[in-house]
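To keep things clear, I will list the structure first and then write my remarks on it.
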Amino acid sequence: MEELNSETKKAEPEPKIIGLTGGIGSGKTTVARFIEEFGFPVYYSDDRAKTIVNDNEDLKRTIKELLGEKSYDEKGIYDRKFVAEKVFNDNDLLQELNNIIHPAVRIDFEEWVSKQTKYLVFKETALLFELKLNKQCYKSLLVTAEDNIRIKRVMDRDGKTYREVETIMERQMPEKDKIKLASCIIYNNTNLEDLKLQTERIVFEIE
Ligand code: ATP
């Protein structure tokens, strides 16, 4: 049979993007790890954002223009503490910083997607609905659990107090609003075996 050259070769269909989200301590990272075990690629938005603020020279320059040279230390590494203090009580500045970082993450994600070969890829982000990123996804998968369970898990994981976790939760989009927007939901109220089974069922049901 005649071999197809690059011009006659059929283009691979674009992978379907599934947005994976959940509030603090919901278990979205745990679900993401299961998804990877099942053989599907996961893009971790937060981790990538932390990398690209150090790797992307254009982004570095724009952040320095907004927040000053001190937003990077003498080794050229993003100074998270300095930036956090700078934007802590200045919502407009925080918004401006997000307006710089979020598009850079979006471009990085698009580049990542273009390299994937699986029919499904997952984008893990805490802000799927807040940033309306679900509109760019084929489906959205929400991980949720009862407030008390999430608080307890984060207290155990991070050594935070009940009130500290509760305060973070109060600043996030209410769970009932996320439930209305999600196309698939995993209820993570029991154990890890159950979580893995639910994840497996949902992931392999997506067509
Ligand atoms: P964050 O947004 O705070 O990063 P997350 O949604 O990514 O949280 P995970 O880190 O996956 O949540 O889970 C929170 C903690 O709860 C972790 O320590 C995880 O191991 C644990 N955990 C998650 N699900 C379960 C479960 N079903 N049973 C027991 N522990 C769990």
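The values are calculated or read from the model by the stated rules, or taken from the named source; none is laboratory data. Everything numeric in this text was worked out from a predicted model, so none of it was measured. Neighbour counts run over all protein chains shown; Cβ positions are idealised from the backbone, glycine included. Remember, those area values only see protein heavy atoms, side chains included, never the ligands or the DNA or RNA. Shrake-Rupley method; radii C 1.70, N 1.55, O 1.52, S 1.80 Å.
Taking the conditions (1) within 17 Å of Ile24 (Cα to Cα); (2) in contact (Cβ under 8 Å) with a residue 12 or more places away in the chain; (3) small (Gly, Ala, Ser) in turn, Gly159 satisfies each one other than (2).
A Cβ distance below 9 Å, combined with a sequence gap of six or more or placement on separate chains, defines the contacts here; from the range 60-71, residues that are without any contact (Cβ under 8 Å) to a residue 60 or more places away in the chain reach residues that are open to solvent by 100 Å² or more (accessible area, probe 1.4 Å) and part of a helix (DSSP H, G or I) in the pairs Lys64/Lys70.
If you go through the range 66-84 and keep only what is farther than 22 Å from Asp47 by Cβ and open to solvent by 100 Å² or more (accessible area, probe 1.4 Å), you end up with Glu69, Lys70, Glu74.
The residues on offer are Asp47, Asp58, and the sole one that is within 23 Å of Leu127 (Cβ to Cβ), surrounded by fewer than 15 Cβ atoms within 10 Å (Cβ to Cβ) and under 13 Å from the mean Cα position of the chain (by Cα) is Asp47. When residues in the range 126-167 are screened for being crowded, with 21+ Cβ neighbours inside 10 Å, more than 24 Å from Ala49 (Cα to Cα) and among the aliphatic types (A, V, I, L, M), 2 of them pass.
Strands (runs of 3 or more DSSP E) fully within the range 107-207 that include at least 1 residues being of a type outside the set (Asp, Glu), in contact with a Phe, Trp or Tyr (Cβ under 9 Å, 6 or more places away or on another chain) and within 16 Å of the ligand (Cβ to nearest atom): 120-124, 139-144. Of the residues examined, Ile17 is one that is under 30 Å from Glu170 (Cα atoms) and away from the ligand (no atom under 16 Å from the Cβ). Do we have any residue at all in the range 185-199 that's open to solvent by 30 Å² or more (accessible area, probe 1.4 Å) and in contact with an Asp or Glu (Cβ under 7 Å, 6 or more places away or on another chain)? Taking every residue of the range 185-199 in turn, at least one turns out to be open to solvent by 30 Å² or more (accessible area, probe 1.4 Å) and in contact with an Asp or Glu (Cβ under 7 Å, 6 or more places away or on another chain).
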